[in-house]
Amino acid sequence: MPRLLSAEAYRRLRLAVACLSAVLLFSGSASAALPPPGKNIAQWFEAFKAAATDEELYRFLYAMPKGGDLHNHLSGSVLDDWTYQLALDQARHGYTFYTRVRINNCRPYGGDAFGRDPYLLLFVTLQQSSYEHLDDCEKSEFKPLAELDAGEKRAWVNSMVLDKPHEGRDEFFQTHWQRMGDLYANPFYAADALVLNMQAFGREGLRYLESMIGVLGFKRADGSLYPPDEVADIYRRRLQEPDAIATGVTVRLQVAVLRFAPAAEDMLRTLYAFVARNRDLWVGVNFVGREDNDKGHPLRFLQTLRELRREHHGVRLSIHAGEVDEPNDHVRDTLLLGAERIGHGVNLITDDDSMRLMRHGPYLVEINLVSNLLLEYVSDYGEHPFPEYLRTGIPVALSTDDRGMWDSNLTDEFFVAVREYNLSWPELVTLSRNSLQYAFVEDAVKAQLLGDFAVRLGDFERRLQRQPAAVLASEARSHGFVCRRYGLCDLSLSAETDKDLP
Ligand SMILES: [Zn+2]
C-alpha cells in the first residue's frame, strides 16, 4: 500500500486502531491503551505489562498458547460449579448420593475424629449403599444430595473450597477428602471430571494433561469394589467419547501412593505393577500426603523401589518433595529414589548441594504458586523460591495441583507469576515449553506436542504483531482465587462461576 502518512502519523493511527479495537472488544470495561505492535515481542511484552490493566493482562495470559499441566490431582480438580451437577449425573450409573446436613449426637464420646470417617463433620457425602448401613439416628442426619435447599447446596459446594481466611493446610488435609467421601471412590465421577478438566484446560490453551487419578478402592453402586483394571477401562472408555476427543488435549495419568499410610509399601507394589501393565495411558507413580508427617519420608521407599526396578521397566517417578516450610533432605532423597520430577520443591532452596545439582539438570520442579500460598507453605509470594529456581536455570513449569479446592486455573498461576515476579515473554514461553519437554508421555507424542506448541506460538506472535488487542481472549474465565486475592472479579470474566447456584 502506498505510504501516504509519515512514520509517526502511521504509528499513531495504528495505535488508535488498536485502542479502538480494545474498547470495542471490552465494551463496558476500563481498558488501558495497549502499546503498539512491535517486531520484538519480548520488548512489546514489557511495554504491555506497564500499560495493561489486570484484566487485560489476564485476558492475554488466558489466550496465550500453553503446554501442559504436569501436577494435577484429579480428585482435587473438580471446580465448584461442576461438583453438584456432576454428582447428580452419576444417577445414570445407578448412584444416589446423600450428605450430612446436621449432627444429632448419634455417636457417643470417644470416636476417631482424625481418621477417614470423622463423625463431627458436616457434608460428608455417601452413596446409597453406604447410607443404608447407617443406623436410623445417623440416617436422619443425611439428606439426598438432590434435595438440598439453596443454602445447603451452596454450603455443600463451598465445603470443598479453601476460600476463607482461617482455612488452610488442616482444613485441606483433614476435611476436604473426608467430606468427599464416596464421591472420591466413584470412577464415573472421576472420568467425567477428567473430561471437564480437559475441556476447560483446552479453552485456556493447554494441549496436555498429566493427572494423578485413583484406581484403588472404587465402588460399584452396590458397594462392592471394582478391581483397578476395571476402573482403568472406565477411564479408557470415557476418553474415547467424542466430547473428550474434541478437546484436543492429550491425557496421560499417574497413580499416587499415600506416603504415610502404614501399608504404603504394599500400595506402592500394587500401583507400580498396575502402571507397568497399563502403559497405554498410565506413565508414572507419585507419592502424596502431607510431608510434615515424616512417617512418609522419602527413604522409607528406597528398598521397595529397588525391588520393583528389578522386575518392571519404564515406570516413571514424579514425587512430591519439599512441600514443607521447614528445611530437610526430602528433595535430595527423592532424587535418590529415582524421581525425574519434583512436586513443589518449596524447601529445595534450603539445600545448597541440591540447588547446584539441579541447575541446568534433567530434573524439573513442578511449581504450584496458588497451592503453596493457600496451604501456608509460604505466607507471602515474597518468600516463594520460584523466581530463584527459574532464573538460576533450574527447570520449572507451572501447574495447578488441587485447583478445584482453590477455585483456580492455569492462567491464575501465570497471572500470579507475572504479577509477583515480573516474568518476561521468553520466561513465559520457557515455562510452557518445559511443561511438555518434561512430560512423561512417550517420545513420539511429545515431539508432536512440542511441534504443535511451536506452531501455535508462532501464530499467536504473528497475530500479536498485527493487532495486540485482537489476541486478548474475549471469553476469558477467571476463578475465585484471583478474585479474592487480586480483586479480578469482573462479571464478564466470572459469569460462569455461579451460574448453577441459586
Ligand atoms: Zn500435589
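Below, the figures for the structure above:
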quantity	calculated
Ranking of Arg259, Arg466 by count of other Cβ atoms within 10 Å, fewest first	Arg466, Arg259
Flagged links, alpha-carbon separation over 27 Å, of Lys295/Lys446; Lys143/Lys164; Lys143/Lys219; Lys219/Lys446	Lys295/Lys446; Lys219/Lys446
Footprinting exposure proxy for Tyr84, Tyr486 (fewest neighbouring C-beta atoms within 10 Å first)	Tyr486, Tyr84
Residue order, fewest to most beta carbons within 10 Å, for Glu461, Glu427, Glu326	Glu326, Glu461, Glu427
Student exercise, the stretch 96-178 dipole from Lys, Arg, Asp, Glu Cβ charges, in Debye to nearest 20	160 debye
Cβ-placed point charges (K, R +1; D, E -1), dipole of the chain about Cα centre in debye, nearest 20	1760 debye
Distant alpha-carbon pairs in the chain (separation over 31 angstrom), percent	47 percent
Kirkwood hydrodynamic radius (C-alpha pairs) into Stokes-Einstein, the stretch 243-307, 37 °C and 0.692 mPa s, D in µm²/s	250 µm²/s
The stretch 139-291: radius of gyration over Cα atoms, expressed as a fraction of 2.2 N^0.38 Å	1.15
Inter-site label distance for Cys137 and Ala91 at 7 Å from Cα along Cβ, in nm	3.2 nm
Under the Karplus curve 6.51 cos²θ - 1.76 cosθ + 1.60, θ = phi - 60°, whole-Hz ³J(HN,Hα) for the stretch 53-63, x wherever Gly or Pro sits	6, 4, 5, 5, 4, 5, 5, 5, 5, 5, 6
All-pairs Cα distance distribution in the stretch 96-178, expressed in whole percent, bin size 10 Å	17, 49, 31, 3
C-alpha center-to-center spacing [the stretch 308-362, the stretch 58-136] in angstrom	31 Å
R0 of 41 Å, Cβ-Cβ distance Arg391-Glu265: FRET efficiency to nearest 0.05	0.60
Sequence ranges 441-447, 287-293, 371-377, ranked by mean other-Cβ count within 10 angstrom, highest first	371-377, 287-293, 441-447
Given charges at Cβ of Lys, Arg, Asp, Glu: the chain dipole, positive-most of His330, Val378, His71	His71
Mean ellipticity per residue at 222 nm, deg cm²/dmol - from DSSP H runs of n ≥ 4 across the chain, formula -39500 (n - 2.57)	-12500 deg cm²/dmol
Within the stretch 369-389, backbone nitrogen closer than 16 Å to the virtual label 7 Å beyond the Cα of Ser424 toward Cβ	387-389
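Readers should treat all values here as calculations from the given coordinates under stated rules, not as data from a laboratory. It should be emphasised that the depicted structure is a prediction, and the values quoted were computed from it without experimental measurement. Quick reminder, even Gly has a Cβ in these numbers, built from the backbone with ideal geometry, and neighbours come from all protein chains shown.
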